[in-house]
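Step one of this worksheet: look at the structure below.
Read the figures in this text as sums done on the coordinates, not as results from a lab. Source: prediction; values computed, not measured. Cβ atoms come from the backbone with ideal geometry, glycine included; neighbour counts cover every protein chain shown.
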Amino acid sequence: MTSRPRPSARLRPGKQKAPARKKPKKDLQIEELLVETGALREQQQALQTRIAELTTANETLKRGEDRFRLLVESVKDYAIYMLDPGGMVSSWNAGARRLKGYEAAEIVGQHYSRFFTPEDRDAKLPEVELERARVDGRFEAEGERVRKDGSRFWANVIVSRINDASGKLLGFSKVTRDLTERRRAEGAMRSANESLEARVRDRTADLEKALKARDVFLSIASHELKTPLTSLSLVLQMGARALKSGRKSTPEQMLEVLERAAKQSMALGDLIDGLLDVSRIQAGRFTLEPQKLSVAELCEEVAARFAPQLSQTQTPLSLSLDRALEARWDKRRLLQVLANLLSNALKYAQGKPVQLSAEKGPLGVRLTVKDNGPGIALERQPQIFERFERAGAPANIGGLGLGLFIARRIVEAHRGTLSVDSDTGRGAAFIVDLPDHVTAGEGGFEEPA
Ligand SMILES: Nc1ncnc2c1ncn2[C@@H]1O[C@H](COP(=O)(O)OP(=O)(O)O)[C@@H](O)[C@H]1O
Ligand SMILES: [Mg+2]
């Protein structure tokens, strides 16, 4: 076996030594030193490589950190900031500036409790928040927060605990989001919902009322129509029997039968006219045909029509008329209004004096029909102008509950008002205020809501 020459041997080529000979101590030391130097060089090399690796890693890390910092800083919709373990602000982003109004320079180093309302500060909420985040690692809540200018906003806040590598508390990160808009939208939605529900409720109540009114109307209408119809057929049967019996009837007797029949059929006709008027009003097919007229003459005409009933019921009617008043109204319709009011006075205040007056009024002309009957309780007054509404009229007094509804619609079509002045036991005065002029074609009715 040939051994490779040792480095020391190569240093001194001229002095060859026997392999068995013991080396001098000095040579040995140099040899060891050389070995060590080589090893050191290798270690140095490895270290340099490691340093280079670490530098690159460090740079990558720093780039990442920078990117992260830039990202956080640029977020505008969220306030993102850091707190030290004691709650002092230690970083601030653009969103925090935008949301809370503080510049980084004026808030970093300040305690974060200033973002709370005084009430929450008194309740130690800032401390509770941090304590919860410290213990649980995270805390989330919604609540009111305060901006630099003192204004308040509704916020969602998330506080997270930040640890160092050994798990020691470094501080907290805080993310705050402004929920004012969301809350406002929720509020708007809620109130829209509520008003929708209220409308549905109202509408349902209206429908139920209308259905009930229709049922009541049907029973009243059939009863009301039946009454004159029964009388009419009785009168006609009586006449026919008289003729069949062969007994001679005087022309006066025959006339009386015919007149009674005519009266009943007129009553029937009036009822049906009322119904037709209501459907015309409902359908919006109701126009005016105005003509020039003397207001006093109009009143006298209606009084004359009622003469038979007035004398029959012994009801005194006094007229108080300003003869100078002239107007352009739909005569037939105005006669209908006054007839409805007078017939009510005769029905509900039978025998007591009734007054019909025409004078100047706030809109031009005021017509008043006043009676001295039982009057109408204040709380019943709004109902009496409704369709088919009889507002507790005595059962023995007939009617469809349409007279005042139709009268008010006619007056309104003339751009006037119909109101009542009355109370229990005080008689009733129905007051028609009208402009003295209405143009043709005016007064189409709108479908009631
Ligand atoms: N002059 C009056 N005195 C007392 N109550 C009246 C008078 N006029 C009207 N009313 C009340 O108003 C209700 C509505 O009147 P109206 O619409 O003319 O219907 P009707 O006469 O068919 O009942 C009546 O049922 C009655 O209760
Ligand atoms: Mg009536």
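How high is the relative contact order of segment 198-356? Use alpha-carbon pairs under 8 Å, at least six apart in sequence, and give a whole percent. So the answer I get is 21 percent. If the chain linking ALA198 and GLU53 were pulled fully straight, counting 0.36 nm for each residue of separation and taking away their Cα-Cα distance, it would gain 44.9 nm. Classify segment 201-357 from the C-alpha gyration tensor, please: rounded if a/c falls under 1.5, else prolate or oblate depending on whether a/b exceeds b/c. It comes out oblate by the Cα gyration axes.
Shape annotation for segment 233-293: C-alpha extents along the principal axes are 54, 28, 10 Å, from largest to smallest. Put the Cα centre of segment 142-178 next to the Cα centre of segment 328-347 and the gap is 77 Å.
I need the shape label for the chain. Rule: rounded when a/c is under 1.5, else prolate if a/b > b/c, else oblate, with a, b, c from the alpha carbon gyration tensor.
Prolate shape, in that a/c is at least 1.5 and a/b is the bigger ratio.
With the simple spin-label model, which puts each label point 7 Å out from Cα in the Cβ direction, the LEU363 to LEU34 separation comes to 13.2 nm. Placing a pseudo-label 7 Å from each Cα along the Cα-to-Cβ vector at SER219 and LEU71 gives an inter-label distance of 7.7 nm. For the listed residue pairs LYS209/LYS360; LYS62/LYS124; LYS212/LYS347, the alpha carbons are over 32 angstrom apart in LYS209/LYS360; LYS62/LYS124. Once both labels are positioned 7 Å from their Cα atoms along Cα-to-Cβ, the gap between ALA105 and LEU61 label points is 3.2 nm.
At full extension, SER245 and GLN383 could sit 44.5 nm farther apart than now, given 0.36 nm per residue minus the alpha carbon distance. Rounded to the nearest 20 debye, the dipole magnitude of the chain is 3580 debye, with +1 charges on Lys and Arg beta carbons, -1 on Asp and Glu beta carbons, and the Cα centre as origin.
Name the residue from SER160, GLY425, GLN282 whose Cα lies farthest towards the positive end of the charge dipole of the chain, charges +1 on Cβ of Lys and Arg and -1 on Cβ of Asp and Glu. Value: SER160. With respect to the chain, whose longest principal axis is taken over its alpha-carbon atoms, helix 331-348 is tilted by about 80°.
Shown is the FRET efficiency for ARG285 and GLU142, computed with R0 = 56 Å from the Cβ-Cβ distance and rounded to the nearest 0.05: 0.40. Annotation: the antiparallel percentage among DSSP beta bridges lying fully within the chain is about 90.
The Cα atoms of segment 17-107 give a gyration tensor whose axes a ≥ b ≥ c have a/c of 1.5 or more with a/b greater than b/c, which makes the shape prolate.
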